[in-house]
1. Of all residues in region A:56-97, how many are surrounded by fewer than 17 Cβ atoms within 10 Å (Cβ to Cβ), without any contact (Cβ under 8 Å) to a residue 40 or more places away in the chain and closer than 24 Å to residue A:111 by Cα?
2. Of all residues in region B:324-352, which are closer than 20 Å to residue A:110 by Cβ and either more than 14 Å from chain A (Cβ to nearest Cβ) or outside any helix (DSSP H, G or I) (or both)?
3. Please find, among A:358, A:342, A:329, the residue that is crowded, with 18+ Cβ neighbours inside 10 Å, under 25 Å from residue A:434 (Cβ atoms) and either without any contact (Cβ under 8 Å) to a residue 60 or more places away in the chain or away from every other protein chain (no Cβ under 14 Å) (or both).
4. Would you mind stating whether residue B:318 is part of a helix (DSSP H, G or I), in contact (Cβ under 8 Å) with a residue 12 or more places away in the chain and buried (at least 22 other Cβ atoms within 10 Å of the Cβ)?
5. Is one or more of the residues making up region B:297-315 within 28 Å of residue A:248 (Cα to Cα) and within 14 Å of another protein chain (Cβ to nearest Cβ)?
6. Which is within 14 Å of chain B (Cβ to nearest Cβ), surrounded by fewer than 21 Cβ atoms within 10 Å (Cβ to Cβ) and modelled with pLDDT of 95 or more, of A:288, A:251, A:276?
7. Among (1) at pLDDT below 95; (2) part of a loop (DSSP other than H, G, I, E, B), where does residue A:116 come up short?
């Protein structure tokens, strides 16, 4: 019986080995298919022009009476943010002349809200205002389920004035205009974050520099020097010093590509451009940092913050929302050093900064509910309320005029002021359906392959990634009826 | 006489009525459970099959029949070849063990015929797989391989370690109650929180616990959860494809899986050991059986129903495993840790392709069902129920 089993296993093993030989090892792929073209609209996303004259057509909103009660689904937690939300809603409910009552409901995190929304799109059960990232809202719009704010943004009675529109940071304002959907405006930004470079100034001084790098060449020189020259203030002796730690995250891909003058998406052709010359240059640069021992991967969640705080990491690139956490990490063991943030080293004349954040959107319902929802969104994103919200939430405000109200914040936190001054250079990641899938299944594996293998062909990898990303986009857009 | 017949008929009628009442009572008792199972168990499966037949993305699209399944297999012909290969493997094993028994040199003949059929089955299976890999969904097929690695890496180890621990704890050792509790703790610890702890232990940081232990042996630090390369490759053995084995990242998750479930197996084995009559051991001892003999010839056969149960549950569990793999996976590990459950989840929640995702889930369901039946057949025949 035992011999029988052994022979049986042997036969299966032979089959497995043959099977193994058939299965191909994962290798740097060569492009295999031509990108599938998505139907392209004719224009790039533009900031909506505010009208100067009253519309000549019949006003569809003239007889619409805003609904008396609307629901807002948001994801904000924490006592400070919750209190701020409650106050904003309370003030709106008390002061709006239409008698609208907003009911703010915590509906889980972004993912929870997204999953709750999908089954109720185009039904009366949708909330009137919902928080969502642009790509999530784009997914809702595959079912034609979102209200195009262009219908109201320029309305003479209910809309935003030209000054109010121009007060938004341009990048923030343009981010919710979706080229894939004929430049419909599917959201309005109440707050944003931005990718910045964190640097250890004391270490830079020890290395002989008096300012953070502004170009990739300077960045590389400093990072490589740091990898060989430990910081005197380092507190975790066993960890080796390093110039830069990269986390495998598509936002880093975007940040470096933007800094080299590229973009991830062509808003005219409505196609991903992951293999642009700028992207190839940027990722060849990052690959060289790894190959020369000047950079390494982040080892655990927020490990770059820890290493930065320990004084073993000179540069880190991450969200500005991490400012307080970097501050805590530096101060954690009682031996703080001088640190700050700066623009990501760039090859462009001006910095180009990756900005992101969820917007508030309005699902399609009835004109009464949509109008009431719009009036709340308008209030929520108005300059005074925006200043109040930004202070409470720690996010960046979206209105330029808010700077005048932020002097106290700038005085208390110079790094925040530095980052704030970079907001005008904001550029955003593609607001397209299926972007999460592209991030996780296409871009991040490619980033890993590039940095793991110093001989990897960056251009070939990005070419294939671009084909894959556009194929996913085409699959998504095929749903549009 | 007539009176007797009438009484007899009446008695039979009463008996029938009682039987019917008993039947009805039985059905009424199982009705609540049946309703719950139908609503929460059978209906979702049926609805998933329904969804898989449509181009169902954010909204329900047109009926597309088998197209979502063809995305997985490439063509039905590919699947047919693969299934034919599996069928021949089963047939070969049956021929090997059961054919030509009445003939004089039947066993030898059976082995020769069986081996031929097995080899033919293997070749056809491999051909079918290759065809499917060529024209079907590579991500899905890779995820099946990862799932098989995960199952084969965890279940046997959990069974063996669980049995050894149970056997030790079954002896008269001091503080065995405390040890039982300690071993069971990982099983009742929420997998998300323990997975987070494992993230830290198996961080690729030079100073992580796992790397410090390696350093004690003079080894270089490893990337653990971040390492997509197969373990064999890291050891310098350059084998590709299925024979390449799991990645180091998957091995880390396998270690977590073993750690989590070994305590459960230990406790179940302990209860199985408690049911073995002491007299059998005493008789074996009197007959001069050593400790090893007693373990091998008494304990192992007598707890085979428990082993069978744990293996069955283990394999089903590993094919469905999700939470801790989801928490422990890293982008750097790429698809080397993407099991089929994770792949279906990504397709569902990130790509919002519900039709494709449900088709993949149904295929996974059929595979689990097939494996369960196969295990039941193969192992069930070897179980000793006393």
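The values are calculated or read from the model by the stated rules, or taken from the named source; none is laboratory data. Fair warning: this is a prediction, and the values are worked out from it, not measured in the lab. Cβ placement follows ideal geometry from the backbone for every residue including glycine, while neighbour counts extend to all protein chains displayed.
1. So the count comes out to 5.
2. Residues satisfying the conditions are B:329, B:350, B:351, B:352.
3. Details: A:342 fails: under 25 Å from residue A:434 (Cβ atoms); A:329 fails: under 25 Å from residue A:434 (Cβ atoms).
After applying the criteria, what remains is A:358.
4. Values: part of a helix (DSSP H, G or I): yes; in contact (Cβ under 8 Å) with a residue 12 or more places away in the chain: yes; buried (at least 22 other Cβ atoms within 10 Å of the Cβ): yes.
Yes: the conditions hold for residue B:318.
5. Going residue by residue through region B:297-315, those that are within 28 Å of residue A:248 (Cα to Cα) are none.
Checking region B:297-315: not a single residue is within 28 Å of residue A:248 (Cα to Cα) and within 14 Å of another protein chain (Cβ to nearest Cβ).
6. Values: A:288 fails: within 14 Å of chain B (Cβ to nearest Cβ); A:276 fails: within 14 Å of chain B (Cβ to nearest Cβ).
Criteria check complete, one pass: A:251.
7. (2)
Results for (1) modelled with pLDDT of 95 or more; (2) more than 9 Å from every other protein chain (Cβ to nearest Cβ); (3) buried (at least 22 other Cβ atoms within 10 Å of the Cβ), shown as yes or no for each residue.
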{"position": "B:122", "(1), (2), (3)": "no, no, yes"}
{"position": "B:125", "(1), (2), (3)": "no, no, yes"}
{"position": "B:129", "(1), (2), (3)": "no, no, yes"}
{"position": "B:135", "(1), (2), (3)": "no, yes, no"}
{"position": "B:139", "(1), (2), (3)": "no, no, no"}
{"position": "B:166", "(1), (2), (3)": "no, yes, yes"}
